[in-house]
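Below is one structure, written out as structure tokens, with a few remarks after it.
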Amino acid sequence: MKNNADKPNLIFIMADQLRCDALGRGFTPNIDAIFSEGIKFDRAYCSCPLCAPSRASVFTGMYPATNGSLINPWMPDDEKYGLVKENIPTMYQTMAKDWEVIHSGKQHVFTEGGKLEDKENAVCWMANEKSYAEFVRKSGKRMPGGPKFRTLVPEMIGGKYTRAAVYSTPATGCYPENEAYYSDSYFAEKALEGMRNRKGDRPLFLSMMFFAPHPPFEIPEPWYSFIKKQDVVLPENVGMYYPRQSPLQMYNLTGVIGSRYSREEWTESWRVYWGLTAMLDFLVGKIISELKREGAYDNSLIIFCSDHGEMLGSHALFQKMCMYEESVHVPLAIRLPGGVHGGTHIPEAVSLIDVLPTIYDYLKIPVPEQVDGVSLRQRIENRSGTASSRDIFIQYDGNGTLSNFQRCVISDRYKLIVDLFKDEVFYELYDLKSDPQEQNNLLFTENIGSYDTAAGYLFAKLKNHMRDVSDWLRIPDFEPEVFRKNYQNLKVKLQ
């Protein structure tokens, strides 16, 4: 039995681009069990709706503005904006002192001074995207995706000039290779190999980073046919471009790609997306089964979350990279050893930057002073009264380059979105309680100006936060009347 009684194991399972509403539908029993046996956070938010910055925030407990990782560092001109500052420790570095650390899957925490795989030698790096590509090549197979699943979109570099970039579309297909050659099957098997072959003289920290259900939506059987078309019911806002949502999204790949598809076409994308989610759940079940086989399950602290969500046609947008709920509201569950506090729901808003200090709190690891997040332990263990939600701040600075900029604050039931491109600024204000699908921008209500004070209050909170974290972005003062005058004739409605 590989189980250290003095310290619990840490099993960190992260999905990529998983919508909250994909769970609890009957085809994710293993993930649903983690939520039912653990603490479910009903309103968890990422710090950035993009892979690298979100993961960097999770593994440092810091906002993108403070740890330095703002974008995916794909382009050399802007690469430096996607790297965690060298003096900031990640969870890998800290945990490796007393835990046996195994990583398998997507590795999108990029740091100054070199790759984590080269710097953190105490970590057992079982598999990542590079090793998967090599595995497929040596097997004489091909990876999922290809030209059919990608398209050209414009992307600015450094906010100065535009290149034609290639990104995924919601096109679907059946991956012709055996399931064993699919990325996440490979990642899961390598994780299981690492678990079975580890020394076992220290507690385990497993970093299990899945790629699913991120596109391309070319997936193997039986998962491609797992969900039937007649079983897919789309949310009302899928395929709908609302008159008062930001037109600046048309400069971002979310709108460039997402606005091309009808609700009927989105139904097929949803069907395959759910099938990919079901495959993810099956592989999560393998990890949990191995823990139980080893007798390590009850002494494990298990985290399940997604780095961000997926629009999948909501607001006629695709992928993430925006501030709507489908993109920034993420699933988060924490199962404590022995299932303590299992079945607890936390209704207050929390951020993924809170995960690291919560883990450290329960594992009795000192929390670095520069961490922005706060431990959720008190909220979990003291449910006698209703705790107030703290403000949630989210930022987006472009995908592979510094280009499209958005800032967001969520305070209780209200959300203010500030969308910027070049010299334009567009504002959206939503009441998440009465309008969870964000169909009614309150800055354009029939009683014009009735929400200006509320929006101004949130804008001031956002500006103060940006100052406190030394956000590089500067946004002009909030002038609602001038804003409405500029955009009062917006009447486009896509359906």
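The values are calculated or read from the model by the stated rules, or taken from the named source; none is laboratory data. On a predicted model such as this, the values are computed, not experimentally measured, just so you know. Glycine also receives a Cβ, built like all others from the backbone with ideal geometry; neighbour counts cover every protein chain displayed. For accessibility, only protein heavy atoms count, side chains too; no ligands or nucleic acids. Shrake-Rupley method; radii C 1.70, N 1.55, O 1.52, S 1.80 Å.
Here are some notes:
- Heavy-atom accessible surface of segment 56-181, averaged per residue, reaches 45 Å², computed with a 1.4 Å probe.
- Accessible heavy-atom area order of Met143, Met75, highest first, probe of 1.4 Å: Met143, Met75
- Computed with a 1.4 Å probe on the full set of protein chains, the accessible area for Arg271 sits at about 20 Å².
- Segment 28-107 - percent of accessible surface contributed by carbon and sulfur, probe 1.4 Å: 48 percent
- Tail fraction, Cα-Cα pairs, segment 88-133, threshold 14 Å, whole percent: 47 percent
- Translational diffusion coefficient (Stokes-Einstein; Kirkwood radius from C-alpha pairs) of segment 277-377 at 37 °C, 0.692 mPa s, in µm²/s: 208 µm²/s
- Those aspartates and glutamates that a straight Cα-Cα span of less than 14 Å connects to Lys199, excepting residues fewer than 8 apart in one chain: Asp98, Glu100, Glu294
- For Val232 and Lys485, the difference between the fully extended length at 0.36 nm per residue and the C-alpha to C-alpha distance is 87.0 nm.
- Rounded to whole Hz, the Karplus (6.51, -1.76, 1.60) HN-Hα couplings of segment 89-104, x for glycine and proline: x, 9, 4, 4, 4, 5, 5, 5, 5, 10, 10, 7, 9, 10, 10, 9
- Taking amide H as placed 1.01 Å from N in the peptide plane, the amide H of Tyr414 sits under 5 Å from that of Leu432, each at least 5 places away or on another chain.
- Accessible-area ranking of Glu189, Glu428, Glu446, largest first, probe 1.4 Å: Glu446, Glu189, Glu428
- Relative frequency of Cα-Cα separations exceeding 20 Å in segment 54-202, percent: 62 percent
- In a fully extended conformation the segment linking Val166 and Ile448 would gain 97.4 nm over its present Cα-Cα distance, using 0.36 nm per residue.
- Filter on Lys106/Lys286; Lys97/Lys119; Lys106/Lys229 - keep pairs with C-alpha separation over 20 Å: Lys106/Lys229
- Accessible area per residue for segment 419-494, computed on protein heavy atoms with a 1.4 Å probe, is 60 Å².
- Residue-span extension gain [Glu177 to Gln370] - 0.36 nm each, minus C-alpha spacing: 64.8 nm
- Structure note, pairs Lys40/Lys160; Lys148/Lys320; Lys80/Lys292; Lys7/Lys433; Lys292/Lys433; Lys115/Lys433: Cα-Cα distances above 32 angstrom occur for Lys40/Lys160; Lys80/Lys292; Lys7/Lys433; Lys292/Lys433; Lys115/Lys433.
- Column: log10 I(q)/I(0), Debye, Cα scatterers of segment 434-485, q = 0.14, 0.24, 0.25 Å⁻¹: -0.46, -0.99, -1.01
- Trp270, Trp472, ranked by accessible area, largest first (probe 1.4 Å): Trp472, Trp270
- Sorted from longest to shortest, the spans of the Cα atoms of segment 228-334 along the three principal axes equal 55, 29, 20 Å.
- Table column - 3J(HN,Hα) (Hz), segment 116-126, Karplus curve with 6.51, -1.76, 1.60, x for Gly and Pro: 4, 4, 8, 7, 9, 6, 7, 8, 8, 8, 6
- FRET E, pair Thr344, Lys115, Förster distance 51 Å, beta-carbon r, rounded to 0.05: 0.85
- Heavy-atom accessible surface of segment 123-231: percent carbon and sulfur, 1.4 Å: 54 percent
- For the chain, share of DSSP beta bridges that run antiparallel, in % to the nearest 5: 55 percent
- By the helix-only formula, in which each DSSP H run with n ≥ 4 contributes -39500 (n - 2.57) and the sum is divided by residues, the chain has a 222 nm mean residue ellipticity of -8000 deg cm²/dmol.
- Heavy atoms of His345: accessible area, 1.4 Å probe, square angstrom to 10: 100 Å²
- Counting only heavy atoms of the protein chains and using a 1.4 Å probe, Phe444 has close to 30 Å² of accessible surface.
- Per-selection Kirkwood Rh - segment 229-291 (Cα, Å, 1 d.p.): 14.1 Å
- For segment 352-457, projected area of the alpha-carbon convex hull averaged over all directions, nm²: 10.0 nm²
- For q = 0.10, 0.12, 0.15, 0.22 Å⁻¹, Debye-computed log10 I/I(0) when each Cα of segment 1-129 counts as one equal scatterer: -0.39, -0.56, -0.85, -1.38
- Loop sites in segment 289-392: GluC sites (Glu not before Pro), DSSP, at most 11 other Cβ within 10 Å: Glu369
- For the chain: Kirkwood Rh in Å [reciprocal of mean 1/r, alpha carbons]: 23.0 Å
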